[in-house]
Amino acid sequence: MRKPIVAANWKLNKGPSETEDFIKNFITKLPDLPKGCEIVLAAPYVSLVKASELLAQSTVRVSAQNMSEHENGAYTGEISALMLKEIFVNYVILGHSERRAIYGESDETINAKILKAHGTELKPIFCIGETLEEREGGNLEKVLSQQITLGLKDVTEKEMLETVIAYEPVWAIGTGVVATPTQAQDTHEFVRSVLTDLYGIAVAEKIRIQYGGSVKPENAAELLGQKDIDGALVGGASLEPASFADIIRNGVVE
Ligand code: PGA
């Protein structure tokens, strides 16, 4: 009943011309891909206009990888939700572990961004995940509960239905070490139980939770076949149109 959602997170890769090359190739593959899957491309800011233009006639959605929690003003180097909206961006990745770890984004900042996104009708892909140290120290549930509870503070039920969660264990991102399907399913089930505590079972059952961290064509079927895994957020393996398409083809059952 939850529509699968597979998103490419290009990170610091692909300016406008590489974006154009990717999309022109990827569009030719769309007719052969499962129809019941929402596909999203998260490009760098400078490539978003190009992506929006090229995808305007398709069902593929465009996402930013971050945005400011502020509307306008003296915030050098920042981009607002309204600016993204103006260029027909649909989604925005917020709280990615690289933003948390490298740029020091706190749960409170991420929460402010999530609220701003909803206020502007951009759909957040809200990332959460634990480090290996946190998992091995027995703090997995505590860390995830805190990220979820603080990140979603004041987010309404209605807004929650427009929010995608991406569970990305930090130790699996870009490392080639993927969570086992059982590890991922158990954690997704836990995430849904926290959402149930916050929003009730009816809402929690509708929220899509993506898995992210070394997803590849070879492991997509097993991971996305799990009951509480509703799609994937894909970094490295989304940079080539063929491998991104294979993830969708292998992972999504019609
Ligand atoms: P990866 O990245 O697929 O390269 O592990 C996933 C992500 O960071 O979103």
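Hey, any hits in the stretch 5-17 for a residue that's in contact with an Asp or Glu (Cβ under 8 Å, 6 or more places away or on another chain), of a type outside the set (D, E, K, R) and either in contact (Cβ under 8 Å) with a residue 12 or more places away in the chain or open to solvent by 10 Å² or more (accessible area, probe 1.4 Å) (or both)?
Yes.
Can you tell me which of Asp246, Asp186 is free of Cβ contacts under 8 Å to residues at least 12 places away in the same chain, among the acidic types (Asp, Glu) and assigned to a helix (DSSP H, G or I)?
From the options Asp246, Asp186, the qualifying one is Asp186.
For the stretch 55-92, which residues satisfy the criterion of being touching a Pro at 6+ places or on another chain (Cβ under 8 Å) and either more than 16 Å from the ligand (Cβ to nearest atom) or over 16 Å from Glu121 (Cβ atoms) (or both)?
Gln65
Please state which of the following conditions Pro31 fails to meet, knowing it meets all the rest: (1) within 19 Å of Glu254 (Cα to Cα); (2) open to solvent by 50 Å² or more (accessible area, probe 1.4 Å); (3) part of a loop (DSSP other than H, G, I, E, B).
The single condition Pro31 does not satisfy is (3).
With respect to Ser58, determine if the residue is surrounded by 14 or more Cβ atoms within 10 Å (Cβ to Cβ) and among the small types (Gly, Ala, Ser).
Taking the combined requirement at face value, the residue does not satisfy it.
Considering the stretch 34-47 alone, what residues qualify as being open to solvent by less than 70 Å² (accessible area, probe 1.4 Å) and either within 16 Å of Ile87 (Cβ to Cβ) or assigned to a helix (DSSP H, G or I) (or both)?
If the condition is that a residue be open to solvent by less than 70 Å² (accessible area, probe 1.4 Å) and either within 16 Å of Ile87 (Cβ to Cβ) or assigned to a helix (DSSP H, G or I) (or both), then Val40, Leu41, Ala42, Ala43, Pro44, Ser47 are the ones that fit.
Within the stretch 155-162, does at least one residue satisfy the condition of being over 16 Å from Thr131 (Cβ atoms) and without any contact (Cβ under 8 Å) to a residue 40 or more places away in the chain?
Yes, because at least one residue in the stretch 155-162 is over 16 Å from Thr131 (Cβ atoms) and without any contact (Cβ under 8 Å) to a residue 40 or more places away in the chain.
Hey, among the residues in the stretch 147-188 that are within 16 Å of the ligand (Cβ to nearest atom), of a type in the set (S, T, N, Q) and open to solvent by less than 30 Å² (accessible area, probe 1.4 Å), which one's farthest from Lys227 (Cα to Cα)?
Within the stretch 147-188, the match that is farthest from Lys227 (Cα to Cα) is Gln147.
Can you tell me which residue within the stretch 199-238, out of those that are hydrophobic (A, V, I, L, M, F, W, C), more than 8 Å from the ligand (Cβ to nearest atom) and more than 16 Å from Cys127 (Cα to Cα), is surrounded by the fewest Cβ atoms within 10 Å (Cβ to Cβ)?
Ala202
Using beta carbons and a limit of 9 Å, which pairs, at least six apart or on different chains, have the first residue in the stretch 118-132 and polar (S, T, N, Q) and the second one within 12 Å of the ligand (Cβ to nearest atom) and assigned to a loop (DSSP other than H, G, I, E, B)?
Cβ pairs passing all conditions: Thr131/Pro169.
Does Ala51 satisfy the condition of being away from the ligand (no atom under 16 Å from the Cβ) and in contact with a Pro (Cβ under 9 Å, 6 or more places away or on another chain)?
In short, yes.
Looking at the structure I just gave you, is Glu108 in contact with a His (Cβ under 8 Å, 6 or more places away or on another chain), assigned to a helix (DSSP H, G or I) and either away from the ligand (no atom under 16 Å from the Cβ) or within 23 Å of Glu38 (Cα to Cα) (or both)?
no
The values are calculated or read from the model by the stated rules, or taken from the named source; none is laboratory data. Keep in mind that this is a model prediction, so the values were computed, not measured. We place every Cβ from the backbone using ideal geometry, glycine too, and count neighbours over all the protein chains shown. Quick note on the areas: whole protein, heavy atoms, side chains included, nothing else; ligands and nucleic acids left out. Shrake-Rupley method; radii C 1.70, N 1.55, O 1.52, S 1.80 Å.
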